[in-house]
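See structure below.
The values are calculated or read from the model by the stated rules, or taken from the named source; none is laboratory data. Fair warning: this is a prediction, and the values are worked out from it, not measured in the lab. Glycine gets a Cβ as well: all are built from the backbone with ideal geometry, and neighbour counts include every protein chain shown.
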Amino acid sequence: MAQGHRPDRVGDQIREELSELLSRGAVHDPGIGFITLTRVKMSPDLQLARVFYTMMGDTAARRETAAALERATPFLRRQIGGRLRLRRVPELDFRFDESVAHQDRIEQILRDLHEEKKQRAVEPDGEATEDPDPHDHNNR
């Protein structure tokens, strides 16, 4: 069996188990709130699991969630150890997934550009807001 896929498989198992633990309320810390685990990136030696998550809320809520996840990490690690058959239970390192926020920002910019383009198409003919294109021969 190829070793190259094992970290991915173990990462998927850890994400599933953690998602179940967090969604079923096994962690009784109100600071965690509603989070979504986006992915788990395992080190090649399976000793470190970087758990990426996203959530709704402002910076203060993000900090509170990060602190709550840090407090819950030993409990979650013990639970993972009991549920998965691994020689050593990996360290869990929770990180906010910035890629989702960046993706949302790009989508918002694209929506704004699309809306701006629609607005320009709707403007009345006689009221051009920009100088006509000097290379456009239809404006003469």
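Give the residues of region 4-29 that are in a helix (DSSP H, G or I) and free of Cβ contacts under 8 Å to residues at least 12 places away in the same chain, sorted by residue number.
GLY4, HIS5, ARG9, GLU16, GLU20, SER23
Here the condition is being of a type in the set (D, E, K, R) and either outside any helix (DSSP H, G or I) or touching a residue at least 24 places away in the same chain (Cβ under 8 Å) (or both); of ARG77, ARG39, it holds for ARG39 alone. With respect to the numbered conditions (1) at pLDDT below 75; (2) of a type in the set (A, V, I, L, M); (3) in contact with a Lys or Arg (Cβ under 9 Å, 6 or more places away or on another chain), which one is the sole condition not fulfilled by LEU92? Of (1) at pLDDT below 75; (2) of a type in the set (A, V, I, L, M); (3) in contact with a Lys or Arg (Cβ under 9 Å, 6 or more places away or on another chain), only one is false for LEU92: (1).
Does region 99-113 contain any residue that is touching a helix residue (DSSP H, G or I) at 6+ places or on another chain (Cβ under 7 Å) and closer than 16 Å to THR38 by Cβ? Within region 99-113, not a single residue is touching a helix residue (DSSP H, G or I) at 6+ places or on another chain (Cβ under 7 Å) and closer than 16 Å to THR38 by Cβ.
Candidates in region 50-74 are the residues that are touching a residue at least 40 places away in the same chain (Cβ under 8 Å) and under 20 Å from VAL10 (Cβ atoms); of these, the one that is surrounded by the fewest Cβ atoms within 10 Å (Cβ to Cβ) is ARG50. Could you please find all residues in region 7-49 being surrounded by 17 or more Cβ atoms within 10 Å (Cβ to Cβ) and within 17 Å of the chain's Cα centre (by Cα)? Selection gives GLY11, ILE14, ARG15, LEU18, LEU22, ILE32, ILE35, LEU37, VAL40, MET42, ALA49.
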